[in-house]
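The values are calculated or read from the model by the stated rules, or taken from the named source; none is laboratory data. Just so we're clear, the structure is a prediction, and the values are computed from it rather than from any experiment. All Cβ positions, glycine included, derive from the backbone under ideal geometry; neighbour counts span all protein chains shown. Heavy atoms of the whole protein, side chains included, go into the accessibility calculation; ligands, DNA and RNA do not. Shrake-Rupley method; radii C 1.70, N 1.55, O 1.52, S 1.80 Å.
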Amino acid sequence: MYRYDPYDQRIVDERVAQFRDQTRRYLAGELTDEEFRPLRLQNGLYIQRHAPMLRIAVPYGLLSSAQVRELARIARTYDKGYAHITTRQNVQFNWPELKVVPEILAGLATVQMHAIQTSGACIRNITSDPFAGVAADEYLDPRPWCEILRQWSTFHPEFAFLPRKFKIAVNGAAEDRAVIQCHDIGLELKRDAAGEIGFRVLVGGGMGRTPIIGEEINAFVPWQDIITYCEAILRVYNRYGRRDNLYKARIKILVKALGVAEFKRQVEEEWAFGKGGPNTLTEAELTRVAGHFTTPAYETLPSDDASYVSQRAANPAFAAWARRNVIAHQQPGYAVVVLSLKDPKRAPGDITDAQLELVAELADAYSFGEVRATHEQNLVLADVKQSDLFAVWEKARAAGLATPNFGLLTDLICCPGGDFCALANAKSIPIANAIQARFDDLDHLYDIGDIELNISGCMNSCGHHHVGHIGILGVDKNGEEWYQVSLGGSQGNQTSLGKVIGRSFAAAEMPDVISKIIDVYLGQRQPGERFIETVRRTGLDPFKLGVYGEAAVTERKQNA
Amino acid sequence: MPKLIKNGRLVDDSAEILVLDESQAPEALSLPAGPVFVPMAVWQAHKSAFSGRSDVGVWLDSHDNVEDLAPDLEDLSAVALNFPKFTDGRAYSAAALLRSRYGFKGEIRAIGDVLRDQFFFMQRCGFDAIQPKTGKYSDAQLEESLASLKDFSAPYQAAVDQPEPLFRRAQRAT
Ligand code: SF4
């Protein structure tokens, strides 16, 4: 993974000093709340229900074991003993005090971490495929590009006060695991006919109040030009994005208002000035950065380890975990392991300091000292030998990190919601836990198979409910918490936005509602058909019928 | 006298920022003597009368287009860019365009809701004059605020103050 050189380190150290002084001036009354707000946000610091919430950047989801240990220390020292993995591959702490935040940042800087631009109206953490570099379907490694863009966007002086937040994602595999169609800029690595590397550039995707799938603005931007191209997009957005209405300020609204053709014209007119200029990437810089993402020193191994085969045969619990949470690797004899943070007894994505310590230990012992965070709020050990899987499983299981539910109904995505987030309309964690409790039978879960259930506590959609096969959205009705259910959303290559099935539900109804939806699927599915495929084939009607009953459906038809 | 940060140092400055209220037609305005920044509309209306006056600058609001001023830049020694709110970042692009696209060599002054925690970004985008609102900071605070111009010593990306990105400026070890 990328390791800082003295330049990177100095920038992060200078940031700590800067924020220490800003916090001092704020606490001394020299900075008003309003003046301090964007400064703290651009350091990931929110003022939440209980305390400030600090969001720490995990660039494109990569962590070293030393970084994981530092997170454990922070959880222990400054928080209530746990951390939370976010849906953007970052880490959040829910309980730090404002006055200790500079200290926390200083600690993070010692392990090459920071909280820069994890919130605020600026370019946010660049996200990517959590399986980058190891996925069997990858054709180009996105990580060097993420790092190059991270450096370019860090403290970019022109784009620190955009109309609204700005998110960039990069994908380089056949399957899009970075949700690039739902980002302000989505970059798809590709090769042109001549074999040259470049990017297909999507723009204006996003979730939130107005979910929109990104549109292609350029089919192929050569790699050398990617910074100048992004800069042109950002400049047009910074100048012409709406600033009069928070809800219309994202780039997607500008793109829609102008039409993608006109937006492209403006971007390319701007690009004509920057193209070929000093921001043009050099071979030397690419080589330097890519040099940090070399393949680890893999051993030459048979593609099927004999002990792994026999351990699975002998131990059904291990076999169940291996079937769900172990994924194919590019390298023979190796595997990708998903450590599930979806233990029904905890908030989805939460991890304790002791678990973090264990993850660091597992990474050092079995996975070249590296860990990844996924936007589905799990952790990944990306390079485990098949022959070590049993040992990893035993240790992870003892620590509650081996729930064998990766990709299943209980592996849901869930934002912090009303328990923590000041913007929430409704709680989301108790809904998640209630659904997990309802579906506690593994055989039943396996029978249901691959399914994505995503929960957001409000329209800001941090829980990505628009792209959940089942999406749940917290809504406020006269001061009460209600939940709206949508079906048919999906991420990946066939990204689609879910459709609301009908009137919303009280919290207590939610497990029943999900059970009814699942029952409809089980009754309707054709052999081998996954949940989302059934929804696509049948449409929503059978599900509405199952959930609301005959009367409600006929009534609606008559009114239509 | 009001203070101005010019090229990283505190200096006195007496230039007036002329603001039209809605009832005033730019054409009917009597032009002030002495150093002044006039809004775009006043500049357009009185351009010829201003010729030869080096103490007249134009100030642009954040929704004004710098392109509209481009033909006149040769006649101007100073342009001020207004931050109606410090969170309105359009002036950063405007300053960058004035410098890099139009090659403007005169003064570019940040006016309006100008706060020390943004000085560094302003400087990087080509502002060489920074003027917080009168009374926003005490003289001592202003003196102290100069430190913010040096928040970061070697930024990553190219900008007006540093036209080459770090990867071209520095030999970075792998
Ligand atoms: S979706 Fe809403 S409730 Fe959930 S974390 Fe985001 S802002 Fe908060």
Looking at A:R10, A:R20, A:R15 in this structure, which one is within 9 Å of chain B (Cβ to nearest Cβ), open to solvent by 30 Å² or more (accessible area, probe 1.4 Å) and either hydrophobic (A, V, I, L, M, F, W, C) or assigned to a helix (DSSP H, G or I) (or both)?
A:R10
Considering each of A:G418, A:G474, A:G463 in turn, give the residue that is assigned to a strand (DSSP E or B), outside the structural domain of A:D350 (by TED's automatic domain parsing) and within 16 Å of the ligand (Cβ to nearest atom).
A:G474
Residue selected from the stretch A:252-286 under the condition of a type in the set (A, V, I, L, M, F, W, C) and within 14 Å of chain B (Cβ to nearest Cβ), by the criterion most open to solvent (accessible area, probe 1.4 Å):
A:F273
Taking the stretch A:439-460, which residues are in a loop (DSSP other than H, G, I, E, B) and within 16 Å of the ligand (Cβ to nearest atom)?
A:G457, A:C458, A:M459, A:N460
Answer yes or no: is there a residue in the stretch A:293-309 that is farther than 30 Å from B:Y102 by Cβ, charged (D, E, K, R), open to solvent by less than 40 Å² (accessible area, probe 1.4 Å) and outside any helix (DSSP H, G or I).
yes
Subset of the stretch A:197-250, residues more than 14 Å from every other protein chain (Cβ to nearest Cβ), touching an Asp or Glu at 6+ places or on another chain (Cβ under 7 Å) and part of a helix (DSSP H, G or I), comes to none
I need a count of the residues in the stretch A:439-460 that are open to solvent by less than 50 Å² (accessible area, probe 1.4 Å) and not polar (S, T, N, Q).
10
Just wondering, is there one or more residues in the stretch A:426-438 that are within 20 Å of A:E529 (Cβ to Cβ), over 20 Å from the mean Cα position of the chain (by Cα), away from chain B (no Cβ under 14 Å) and more than 10 Å from the ligand (Cβ to nearest atom)?
no
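The rows are residues; the columns are (1) part of a helix (DSSP H, G or I); (2) at pLDDT below 95; (3) away from chain A (no Cβ under 12 Å); (4) open to solvent by 20 Å² or more (accessible area, probe 1.4 Å).
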position: B:I108; (1), (2), (3), (4): no, no, yes, no
position: B:D117; (1), (2), (3), (4): yes, no, no, no
position: B:F120; (1), (2), (3), (4): yes, no, no, no
position: B:Q123; (1), (2), (3), (4): yes, no, no, yes
position: B:G126; (1), (2), (3), (4): no, no, no, no
position: B:T134; (1), (2), (3), (4): no, yes, yes, yes
position: B:S145; (1), (2), (3), (4): yes, no, no, no
position: B:S148; (1), (2), (3), (4): yes, no, no, no
Show the residue pairs meeting these rules: Cβ distance below 9 Å; 6+ apart or different chains; first residue within the stretch A:430-449 and closer than 11 Å to A:P348 by Cβ; second residue buried (at least 19 other Cβ atoms within 10 Å of the Cβ) and among the polar types (S, T, N, Q).
A:A432/A:T410; A:I435/A:T410; A:Q436/A:N405; A:Q436/A:T410
Kindly establish whether A:V485 is at pLDDT below 95, outside the structural domain of A:P316 (by TED's automatic domain parsing) and open to solvent by less than 10 Å² (accessible area, probe 1.4 Å).
no
Enumeration of residues in the stretch B:70-87 that are within 14 Å of the chain's Cα centre (by Cα) and either within 12 Å of chain A (Cβ to nearest Cβ) or not in a loop (DSSP other than H, G, I, E, B) (or both):
B:L73, B:A78, B:V79, B:A80, B:L81, B:N82, B:F83, B:P84, B:F86
